[in-house]
Amino acid sequence: MSVASEQEAYPVAQFRKTYFEECAELLDALQSNLELLSSGQEDDETLHAIFRSVHSIKGGAGAFGCTDLVAFSHTFESLLDALRDHKIAVTNDIKQLLLRASDALADIVNAARLEQQLAPSFAVDIRTAMQHVLQGAGPAAEPGPAPAASDAKPLHEQTYRIRFRPHTEMLKKANEPLLLIRQLRKLGALAIDVDCSALPALGALDPEAAYFNWTFTLETAVPRSGIQDVFEFVEDDCDLQIELLESATAAVEVAPGDAGSAAAPVVAAVSLAQSIRVDVDKVDRLVNLVGELVISQAMLTEQGLALPADKYPQLIQGIEALAQSARELQESVMAIRAQPVKSVFARMPRIVRELAAVLGKEVRIVTSGEMTEIDKTVIEQLNDPLTHMIRNALDHGIEPPAERRAAGKPRPGPITPSAAPRSGRLVIAGSDAGRGSTRAQGRA
């Protein structure tokens, strides 16, 4: 391979690596929101969050030729879209189907990441079930009573002004503004105003720089979140503002005392997440450098203690300030490596569902303390012991449904993994309300 070819291949490999890192986060978010949905939180925002996770995974899959992933996530996305539009009722059967689809999606993503070929029959039954639901022949064929006329909430077209200024970094990552414009056109009637005032003379033009700004006026029935989804992959590399100007069918409300005055447009700027991705190797190097700095600071402090304070007051004061800054710097750097144990807990519901199906038991999993943070290296070692604890609780603690009913207990038995800091340690505990009370603990 030529040097030029290697340079071209490297960005693609890096983008692919970043995409699958994002997929891992999206799958965790998908699982968490599906658990909320299963527990009865069936509001629109939860459905929107579930849809966004699947939509984002699908969006990147096509760029890397993951055809199986695109096909499955497209069907999954279509079902979720129908749920968001309330065309399909969120029944218990639908919830179970979504959980199964989520598990299958995670397997397909993992196979694509490892460049492995799944069997042609993999998840065909799940995809077929979703298609049947979309066709009105599945578990949602018996919707609940229709809402009263006063409860109906028809979608009205609204007008948005979208100001979009891409950064040069966005173009260097192979994100094309024209593709975003095409996606916006699919949402409704779109008027485009492009600002070319920043374009320099030909001799000063950088072919890789971004010079154009766009202002779009969009009339659509799609909610604001749907517009934000268009810019989801570029939001960190652009300036974006979405303003709601008016509702085409909504009456204008005038505040008391302001009769006859024009109503000001409602303006809401999008708050973009301020975060960056950093390779673990770079963080480790930073941790090591800070460790060396702390050692050097400790040596200076020891030498400073031997100096007479009355002769070197400023030097001693500076050494003390350095010691304080070094401690704060060390704590901040170590916090960069810290991650919530939620990433481990998010894998547990699938393990519980699969094992419960094999054992013929009904189980609900309730986690607590999942936002407790610990060093990344420890997080990676928690999966196996926590899985073992959960399996033991389900296998030996939770009784079969008939036995629980005879004992006057709820049919689904609870398993409660928890995490909590205690005396400088992280305590991971698992308990169940089965035969007696089974409890296991681990410390990190």
**Complete:** Given a Förster distance of 30 Å, the FRET efficiency implied by the Cβ-Cβ spacing of Leu245 and Glu22, rounded to the nearest 0.05, works out to 0.40
**Prompt:** If you place +1 on the Cβ of every Lys and Arg and -1 on the Cβ of every Asp and Glu, how big does the dipole about the Cα centre of segment 166-210 come out, in debye to the nearest 20?
**Reply:** 300 debye
**Fill in**
Pseudo-spin-label distance Lys311 to Ala402, built 7 Å along Cα→Cβ, given in nm, is 9.1 nm
**Prompt:** Zone of Arg411 (label point 7 Å along Cα→Cβ, backbone N under 13 Å): which residues in segment 356-394?
**Reply:** 361-364
**Message:** Place a point 7 Å from the Cα of Thr301 along the Cα-to-Cβ direction; which residues of segment 327-351 have their backbone N under 20 Å from it?
**Reply:** 327-335
**Prompt:** Any idea how far the Cα center of segment 182-204 sits from the one of segment 297-375, in Å?
**Reply:** 46 Å
**Item:** Peptides 29-36, 235-242 ordered by average Cβ neighbours within 10 Å, highest first
**Value:** 29-36, 235-242
**Prompt:** Counting only residues 5 or more places away or on other chains, whose amide H sits under 5 Å from the amide H of His167 once H atoms are built in the peptide plane?
**Reply:** Cys238, Asp239
**Asked** What is the calculated FRET efficiency for Asp284 to Glu157, with r their C-beta to C-beta distance and R₀ = 45 Å, to the nearest 0.05?
**Response** 0.30
**Fill in**
HN-Hα couplings for segment 103-114 via Karplus (6.51, -1.76, 1.60; θ = phi - 60°), in whole Hz with x for Gly/Pro, come out as 4, 5, 4, 4, 5, 5, 4, 5, 5, 5, 5, 8
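Work through the residues other than Asp107 whose Cβ is under 12 Å from its Cβ and net out their charges, Lys, Arg +1 and Asp, Glu -1.
On the way: positive: Arg100, Arg113, Arg350; negative: Asp68, Asp103, Glu354.
Taking every other residue near Asp107 into account, the sum is 0.
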**Message:** How high is the relative contact order of segment 48-99? Use alpha-carbon pairs under 8 Å, at least six apart in sequence, and give a whole percent.
**Reply:** 32 percent
**Asked** So how do 349-358, 313-322, 45-54 stack up, highest first, on mean other-Cβ count within 10 Å?
**Response** 45-54, 349-358, 313-322
**Fill in**
Square roots of five times the C-alpha gyration tensor eigenvalues of segment 178-229, ordered largest first and given in whole Å, equal 29, 11, 8
**Fill in**
Rounded to one decimal in nm, the spacing of the 7 Å Cα→Cβ label points at Ser78 and Val427 is 5.1 nm
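What is the order of Tyr312, Tyr160, fewest Cβ neighbours within 10 Å to most? Could the numbers behind the result be given before it?
Numbers: Tyr312 13, Tyr160 22.
Going from least to most buried by this count: Tyr312, Tyr160.
Mind checking the full-extension length gain between Val378 and His86? Use 0.36 nm per residue of separation minus the Cα-Cα distance, one decimal, nm.
Gain on stretching Val378 to His86: 100.8 nm.
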**Message:** What Kirkwood Rh does segment 348-415 have if only Cα atoms enter the pairwise 1/r average? Answer in Å.
**Reply:** 13.1 Å
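We did not get these values from a lab; they are worked out from the coordinates using the rules stated. None of the values given here were measured: they were computed from a predicted structure. A quick note on method: Cβ atoms are made from the backbone with ideal geometry, for glycine too, and the neighbour counts reach across all protein chains shown.
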